[in-house]
Amino acid sequence: MGEEMGQAAVILLSSGIDSFTSLAIAKEKGYEVQLALTVNYGQKAALREIMFAELICKHYGVPHKVLDVQGIMNGVTSGLTTNDVPNIAQDQLDDMDLTTRTAKKVWVPNRNGLLINIAATYAENLGCEWVITGFNREEAVTFPDNSDDFVHAINQSLYYSTSNHVQVISFTQSMTKQEIIDTAVNLQVPLEYVWSCYHGNELMCGTCESCQRLKRAISKYPMLVSSIKFTTE
């Protein structure tokens, strides 16, 4: 895996802060992002994710494609597909016992494995060397498919399953949510296009774990607190 890689990429873009910022960093670094993929696997937030991902892609001039894999995921259940999402208080986000239980409620079986392999198919077909994802250090604690070990393992697999040795990279991999927000602010990312909620309502709920992590991360930026709206406010 030591050969020199180019900078053409496909990105998996959910419109969450992690993938959004990973796209912004890729553009800043000069990566040629040839395609953004947003995947509808039956999650309740799909329509909101798709809508905001489209706006993000227009902002950065990246072609956008929506993939519907609900047929593949038929019968696979998760809190993200049934709206059985636990609420959590902000002061509970570092409670490992609790967040381990809440992570299990919203776990989607092999989601990141499936999505990465689909994206790698498009990347190989386009002659791109990279699949960009939005992983982070904070959630890797309870979501192993955000971790360094996961990326290393799937890259070993992709080296053999793609003729041009497509590899996964996430520019937010080693960051906490706070560090991701700090980076996004520094890069002047239009954060009004972020959708981090597990639900698909008019506004983000503000009480699911994903919302609470976003709220904690933006708390030191009054302008963001006033511009990013949640139902609970």
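The values are calculated or read from the model by the stated rules, or taken from the named source; none is laboratory data. On a predicted model such as this, the values are computed, not experimentally measured, just so you know. Methodologically, a virtual Cβ is constructed for each residue, glycine included, from the backbone with ideal geometry; neighbour enumeration extends over all protein chains shown. We work out accessible area using only protein heavy atoms, side chains counted, and drop any ligands, DNA or RNA first. Shrake-Rupley method; radii C 1.70, N 1.55, O 1.52, S 1.80 Å.
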Count, please, the residues in segment 1-24 that happen to be of a type in the set (A, V, I, L, M) and either within 13 Å of Leu115 (Cα to Cα) or open to solvent by 20 Å² or more (accessible area, probe 1.4 Å) (or both).
6
Reported set for segment 187-217 where residues are surrounded by 19 or more Cβ atoms within 10 Å (Cβ to Cβ) and among the hydroxyl-bearing types (Ser, Thr, Tyr) is Ser196, Tyr198, Thr207, Ser210
Quick check on my filter: what residues within segment 179-208 are touching an Asp or Glu at 6+ places or on another chain (Cβ under 8 Å) and either among the polar types (S, T, N, Q) or in a helix (DSSP H, G or I) (or both)?
Ile180
With the first residue restricted to segment 162-185 and required to be in contact (Cβ under 8 Å) with a residue 24 or more places away in the chain and farther than 21 Å from Trp130 by Cα, and the second required to be part of a strand (DSSP E or B) and among the polar types (S, T, N, Q), Cβ contacts under 7 Å at 6 or more apart or on different chains are none
Of everything in segment 220-233, what is assigned to a loop (DSSP other than H, G, I, E, B) and either modelled with pLDDT of 95 or more or aromatic (Phe, Trp, Tyr) (or both)? Give them in sequence order.
Tyr221
Of the conditions (1) open to solvent by 20 Å² or more (accessible area, probe 1.4 Å); (2) within 25 Å of Arg48 (Cα to Cα), Ala184 satisfies every one except a single condition; which number is it?
(1)
Single match in His165, His152 (criterion: modelled with pLDDT of 95 or more, part of a loop (DSSP other than H, G, I, E, B) and over 12 Å from the mean Cα position of the chain (by Cα))
His165
It is to be established whether one or more residues within segment 120-127 are open to solvent by less than 50 Å² (accessible area, probe 1.4 Å), in a loop (DSSP other than H, G, I, E, B) and more than 16 Å from Tyr198 (Cβ to Cβ).
yes
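Out of the residues in segment 48-75 meeting the condition of being assigned to a loop (DSSP other than H, G, I, E, B) and more than 19 Å from Tyr198 (Cβ to Cβ), tell me which one is least open to solvent (accessible area, probe 1.4 Å). Write out each step before concluding.
Initial filter on segment 48-75 (assigned to a loop (DSSP other than H, G, I, E, B)): 61-63, 69-75.
Then keep just the ones that are more than 19 Å from Tyr198 (Cβ to Cβ); that gives 61-63, 71-72, 74-75.
Details: Gly61: 62, Val62: 10, Pro63: 67, Gly71: 66, Ile72: 113, Asn74: 129, Gly75: 71 Å².
Filtering segment 48-75 for residues that are assigned to a loop (DSSP other than H, G, I, E, B) and more than 19 Å from Tyr198 (Cβ to Cβ), the one least open to solvent (accessible area, probe 1.4 Å) comes out as Val62.
Working only within segment 76-114, note down all residues that are part of a loop (DSSP other than H, G, I, E, B), loosely packed, with under 15 Cβ neighbours inside 10 Å and polar (S, T, N, Q). Outline the logic, then answer.
Step one: of segment 76-114, the residues part of a loop (DSSP other than H, G, I, E, B) are 76-78, 83-86, 88-89, 93-95, 107-110.
Pick out the ones that are also loosely packed, with under 15 Cβ neighbours inside 10 Å and you get 77, 83-84, 89, 94-95, 109-110.
Across segment 76-114, the qualifying residues are Thr77, Asn83, Asn110.
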Go through the residues of segment 110-121 one by one and say whether even a single one is touching an Asp or Glu at 6+ places or on another chain (Cβ under 9 Å), under 24 Å from Gly6 (Cα atoms) and without any contact (Cβ under 8 Å) to a residue 60 or more places away in the chain.
yes
Out of segment 30-47, which residues are in contact with a helix residue (DSSP H, G or I) (Cβ under 8 Å, 6 or more places away or on another chain), open to solvent by less than 10 Å² (accessible area, probe 1.4 Å) and small (Gly, Ala, Ser)?
Ala36, Ala45
